[in-house]
Amino acid sequence: MRNRYVILFVLLVLSTLPSFQAASAAHLTRAPAPQEQNSASKAASVHESLTLSELRRKYAETFKFRGPHVRQIALTFDDVPDPRFTPGVLAVLAKYHVKATFFVVGQRAEKHPELVRRIYREGHLIGNHSYNHPLFKNRELAYFKGQILRTAEIIHNLTGVHPRFIRPPYGEINEQQLKWVKSSGYKVINWNVDSKDWKGLSKEQVKANILSSAGPGSIILQHAGGGDGADLSGTVQALPEIIRTLQSHGYTFVDLSELLHIKGSR
């Protein structure tokens, strides 16, 4: 018992010494270890990253997903060119005298240049859908720029135009990339009606997904190209009925440039 009181007395005396107080304070306010700093930085980065909805609001003039509230609708087709499906879509659009917007993948354009020329020759608007369809949101800015500029050059060599409209694959983009898009005079175009046709849906399913959601100023996402094993026959088969139905409700079809009142190329 006596030893216990002695120890308590010594600790009490030490606690009054400046050197002991400084050491205690240093322990309580020590700098975090490197791994703790990295964890904190990552957490802050995640916390600070904006959602697509937040990015659309913050960069409303650069990031578009629908047009004004008018009885116009823009049909858009991703992942072109593809000789299995693009010609069928083009044939339907020509039959109904409808102009649409096609987002071109650079790597595919290199393989099927005549299809890109045909899209342009038939009066459709061409947009930039990256070089090989990566997910951009976790990529560095330099990688994003390289993909966009490489595809822009391919499209220009084939058509003579520089597209101003970019659709990032999967609709995903981060703020750093969006800032570059804005400063470079481009626009990012997503959509507000998703056909979900990339799932290989039937004609009736594609039609239902579109007609249940389309309205004034809608930008409709469809595909006229896909990967190995893709089946977009439902898209091609549904397109005539989609066009006729929406026209019967007083809608006209325009490309994105006309819908958004923004020049689509330069």
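The numbers here are math on the coordinates, done by the rules we state, and not lab data. Worth saying up front: this structure is predicted, and the values here are computed from it rather than measured. Note: ideal-geometry Cβ built from the backbone for every residue, glycine included; neighbour counts use all protein chains shown.
Which of Val206, Val70 has the fewest other C-beta atoms within 10 Å, and how do the rest follow up to the most?
Val70, Val206
May I ask you to give the average projected area over all directions of the convex hull of the Cα atoms of segment 127-193, in nm² rounded to one decimal?
With every direction weighted equally, the projected area is 4.5 nm².
For segment 61-260, evaluate the Debye formula with one uniform point scatterer on each Cα (no solvent term) and list log10 I(q)/I(0) at q = 0.09, 0.13, 0.14 Å⁻¹, rounded to two decimals.
-0.30, -0.64, -0.75
List the lysines whose alpha-carbon lies under 25 Å from that of Lys263, not counting same-chain residues fewer than 8 positions away?
Filter leaves Lys58, Lys64, Lys99, Lys145, Lys179, Lys182, Lys187.
Cα atoms only: what Rg and Dmax, in Å, come out for segment 193-245?
Just the Cα atoms of segment 193-245 yield Rg and Dmax of 10.5, 35 Å.
With the radius of gyration and the Kirkwood radius both derived from the Cα set of segment 94-163, what is their ratio Rg to Rh?
1.02
log₁₀ I(q)/I(0) of segment 42-150 at q = 0.19, 0.21, 0.24 Å⁻¹, via Debye over equal Cα point scatterers, no solvent, to two decimals?
-1.09, -1.19, -1.31
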